[in-house]
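Enquirer: This is the structure I want to talk about, given as structure tokens.
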Amino acid sequence: MCPLCWRVRIRLQMRSASGLGAEWRTSCSPWRMAERGSDCGSDCGSERSTERNTERSTERKPTLSVLIVTDPHAETSDDAIAISTALADAGHLVLGVRAGDATLPEAMARLKPDMVVVKSDSAVRDVLEHIVMATRDARRPIVMFTDDADRPTMRSAIGAGVTAYVVKGLQPDRVQAVIDVAVERFAGEQALRFELDAARSELSDRKTIDHAKRLLIARKGLSEPEAHRFLQDLAMKKGLKLRDAAERVIDVESLLG
């Protein structure tokens, strides 16, 4: 998905609570679209048009499905109840409160929350370990409220994928603001990841094509432009991408020795 389309989806979530925007929120959040590897295709144009239409409507907060994670045996703590109440009052769907233990990955895979909100004080490192396991294949915004101001712990949390690390700041009237920041930051980070992945893929393709051209120059005595045209002709005849045609040339050369 292109970064522009990604940002359009995020802005639509933040601006509309009905129609197409609501459908995305409840059935297909932007980061879940990315997990499934959906192709933007022709949707980008329609989304931009929809965005222009929704800009005329009154701004409303998005509805997110949220899983609350706590220290083990703290699922019914006052803090967990306060977070759950604040989220429900803001219109979000609270999927439940789970302990940050070995059962968390299975719960995350089954519930598929749009966002995770963590309240941890006594077992931050253990909870972070289980969050890493639970979100390594499906990234999503993670907000952590804690009283632990230890800098190494904070760095570990950010490294584990925590989007917003809030120290001694659990106030019900601030929960929505923290979530808004986490969603926007996560969207920006995902856009950067997409751009980086695209740049890496392009560099890898270029290296493969250049390798194939060097083989053609050495084997057939072609010039560099002739070797490039050879790959283009092969790609057109076989209905391949240029990189795939280059890989075929490399494979043939490896067989011939």
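The values are calculated or read from the model by the stated rules, or taken from the named source; none is laboratory data. Model, not experiment: these values are computed from the prediction. We place every Cβ from the backbone using ideal geometry, glycine too, and count neighbours over all the protein chains shown.
Enquirer: Only one of these is out of contact with any strand residue (DSSP E or B) (no Cβ under 7 Å at 6 or more places or on another chain), at pLDDT 90 or above, more than 30 Å from Val94 (Cβ to Cβ) and of a type in the set (D, E, K, R): Arg219, Arg214. Name it. If you could, list the steps in order and put the result at the bottom.
Expert: Working: Arg219 fails: at pLDDT 90 or above.
One residue alone meets the criteria, Arg214.
Enquirer: In addition: Going through the range 148-171 one residue at a time, which ones are assigned to a helix (DSSP H, G or I) and either among the aliphatic types (A, V, I, L, M) or within 17 Å of Val132 (Cβ to Cβ) (or both)? Before the answer, list the steps.
Expert: Quick first cut of the range 148-171, residues assigned to a helix (DSSP H, G or I) only: 151-159.
Scanning the range 148-171 gives Pro152, Thr153, Met154, Arg155, Ser156, Ala157, Ile158, Gly159.
Enquirer: Need the failing condition index for Arg139 against (1) charged (D, E, K, R); (2) under 29 Å from Ala191 (Cβ atoms); (3) touching a strand residue (DSSP E or B) at 6+ places or on another chain (Cβ under 7 Å), just the number.
Expert: Going through the list (1) charged (D, E, K, R); (2) under 29 Å from Ala191 (Cβ atoms); (3) touching a strand residue (DSSP E or B) at 6+ places or on another chain (Cβ under 7 Å), Arg139 breaks only (3).
Enquirer: Right, next: For the structure I just gave you, tell me whether Arg219 is over 22 Å from Ser84 (Cα atoms), touching a residue at least 12 places away in the same chain (Cβ under 8 Å) and crowded, with 18+ Cβ neighbours inside 10 Å.
Expert: Working: over 22 Å from Ser84 (Cα atoms): yes; touching a residue at least 12 places away in the same chain (Cβ under 8 Å): yes; crowded, with 18+ Cβ neighbours inside 10 Å: no.
Criteria not met by Arg219.
Enquirer: Now a separate question. I'd like the full set of residues that are at pLDDT below 85 and either among the polar types (S, T, N, Q) or touching a strand residue (DSSP E or B) at 6+ places or on another chain (Cβ under 8 Å) (or both), limited to the range 183-200.
Expert: Gln190, the sole residue that qualifies.
Enquirer: Which of the residues belonging to the range 72-110 are more than 19 Å from Leu170 (Cβ to Cβ), assigned to a loop (DSSP other than H, G, I, E, B) and not charged (D, E, K, R)?
Expert: Within the range 72-110, Gly91, Ala102, Thr103 meet the criteria.
Enquirer: Taking the range 54-95 as the region of interest, how many residues are modelled with pLDDT under 50 and not charged (D, E, K, R)?
Expert: Residues that pass the stated criteria total 3.
Enquirer: Then there's this: Specify which of the listed residues (Leu231, Leu203) is among the aliphatic types (A, V, I, L, M), out of contact with any helix residue (DSSP H, G or I) (no Cβ under 6 Å at 6 or more places or on another chain) and assigned to a helix (DSSP H, G or I). Give the steps one after another, and end with the answer.
Expert: On the way: Leu231 fails: out of contact with any helix residue (DSSP H, G or I) (no Cβ under 6 Å at 6 or more places or on another chain).
Unique residue meeting the criteria: Leu203.
Enquirer: Tell me the residue from Asp197, Asp244, Asp210 that is loosely packed, with under 13 Cβ neighbours inside 10 Å and free of Cβ contacts under 8 Å to residues at least 24 places away in the same chain, please.
Expert: Values: Asp244 fails: loosely packed, with under 13 Cβ neighbours inside 10 Å; Asp210 fails: loosely packed, with under 13 Cβ neighbours inside 10 Å.
Checking each option against the conditions leaves just Asp197.
Enquirer: Have a look at Ala177, Ala187 and point out the one that is surrounded by fewer than 20 Cβ atoms within 10 Å (Cβ to Cβ) and either of a type in the set (A, V, I, L, M) or without any contact (Cβ under 8 Å) to a residue 60 or more places away in the chain (or both).
Expert: Values: Ala187 fails: surrounded by fewer than 20 Cβ atoms within 10 Å (Cβ to Cβ).
Result of the check over Ala177, Ala187: Ala177.
Enquirer: If you don't mind, there's one more thing I want to ask. Could you please give the count of residues in the range 62-71 that are of a type in the set (Ser, Thr, Tyr) and part of a strand (DSSP E or B)?
Expert: Filtering the range 62-71 for residues of a type in the set (Ser, Thr, Tyr) gives 63, 65, 70.
If we keep only those that are part of a strand (DSSP E or B) as well, we get 65, 70.
Qualifying residue count, the range 62-71: 2.
Enquirer: Which number in (1) of a type in the set (Gly, Ala, Ser); (2) over 30 Å from Leu67 (Cα atoms); (3) buried (at least 16 other Cβ atoms within 10 Å of the Cβ) marks the one condition that Ser204 misses?
Expert: Unmet condition: (3).
Enquirer: Also, quick follow-up: Inspect all residues belonging to the range 176-194 and state whether any of them is under 30 Å from Val116 (Cβ atoms) and of a type in the set (S, T, N, Q).
Expert: Residues of the range 176-194 that are under 30 Å from Val116 (Cβ atoms), as a first pass: 176-194.
Then keep just the ones that are of a type in the set (S, T, N, Q); that gives 176, 190.
Within the range 176-194 (the criterion being under 30 Å from Val116 (Cβ atoms) and of a type in the set (S, T, N, Q)), the answer is yes, since at least one residue qualifies.
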